[in-house]
1. Restricting to region 109-121, give me the number of residues that are modelled with pLDDT under 90 and either out of contact with any strand residue (DSSP E or B) (no Cβ under 7 Å at 6 or more places or on another chain) or outside any strand (DSSP E or B) (or both).
2. Taking region 31-61, which residues are surrounded by 20 or more Cβ atoms within 10 Å (Cβ to Cβ) and polar (S, T, N, Q)?
3. If you go through region 25-59, how many residues are outside any helix (DSSP H, G or I) and out of contact with any helix residue (DSSP H, G or I) (no Cβ under 9 Å at 6 or more places or on another chain)?
4. For region 68-79: of the residues being touching a helix residue (DSSP H, G or I) at 6+ places or on another chain (Cβ under 7 Å) and in a strand (DSSP E or B), which is surrounded by the most Cβ atoms within 10 Å (Cβ to Cβ)?
5. Filter region 109-131 down to residues that are under 25 Å from Y49 (Cα atoms), over 10 Å from the mean Cα position of the chain (by Cα) and polar (S, T, N, Q), then give me how many there are.
6. Tell me, please, whether a residue that is outside any loop (DSSP other than H, G, I, E, B) and among the small types (G, A, S) can be found in region 7-24.
7. Is it true that some residue in region 101-108 is under 19 Å from P142 (Cα atoms), within 16 Å of the chain's Cα centre (by Cα), surrounded by 12 or more Cβ atoms within 10 Å (Cβ to Cβ) and modelled with pLDDT of 90 or more?
8. Might you check whether a residue that is within 16 Å of the chain's Cα centre (by Cα), of a type in the set (S, T, Y) and not in a strand (DSSP E or B) occurs anywhere in region 80-87?
Amino acid sequence: MAYKRKIGIIDGYTLTELLLILFLTMFVTKPLQKYACFPLLFAGLSLGYATFKGKTFIINNSGKKLAGMDENDHEKIKRCRAGENISNVDGIKQNGIVYKIPDGLHVSMTERGPIAHSVMGKIVYSVRGGVQNFPPDESWRPLFETKI
């Protein structure tokens, strides 16, 4: 189900980036070096949480409709109009192109495809997401066959 939500959200990947910046700052500051392990520990926990428990969140800024495949029930296809948001999806389809969105990633959907909100998110998307030219398995077939 699509719902409205303001931009101002933070995902686990963005939190990981902030904690890594804090770690580096503390590591190069002599009096704080002995405490630098704490932000690094929390960055690892944040990355793990985002990867395994985080919820995918998509802001549709494309000006077009899109369809999303529910994370838990691949037979369920969610619809999202321009300007709305959609969450908890495994993949999305727009303009006949299917994209895999990694777990826990927050992205803005544009006319050219998804754009992650953080540098770490961009890395995760390039490794674990992207355009799907054919269904990775049978559970993805409903999304590929959906008409928007």
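1. Looking only at that region, the number is 7.
2. Passing the criteria: S46, T56, N60.
3. 6
4. My answer is M69.
5. Counting residues in region 109-131 that are under 25 Å from Y49 (Cα atoms), over 10 Å from the mean Cα position of the chain (by Cα) and polar (S, T, N, Q) gives 1.
6. Looking through region 7-24, at least one residue is outside any loop (DSSP other than H, G, I, E, B) and among the small types (G, A, S).
7. Looking only at region 101-108, we keep the residues that are under 19 Å from P142 (Cα atoms), and these are 101-102.
Now drop any that are not within 16 Å of the chain's Cα centre (by Cα), which leaves 101-102.
From the residues that got through so far, the ones that are surrounded by 12 or more Cβ atoms within 10 Å (Cβ to Cβ) too are 101-102.
Okay, now just the ones that are also modelled with pLDDT of 90 or more, so 101-102.
Yes, because at least one residue in region 101-108 is under 19 Å from P142 (Cα atoms), within 16 Å of the chain's Cα centre (by Cα), surrounded by 12 or more Cβ atoms within 10 Å (Cβ to Cβ) and modelled with pLDDT of 90 or more.
8. No; the residues of region 80-87 include none that is within 16 Å of the chain's Cα centre (by Cα), of a type in the set (S, T, Y) and not in a strand (DSSP E or B).
The values are calculated or read from the model by the stated rules, or taken from the named source; none is laboratory data. No experiment lies behind these values; they were computed from the predicted model shown. Using ideal geometry, Cβ is built from the backbone for each residue, glycine included, and neighbour counts are taken over all protein chains shown.
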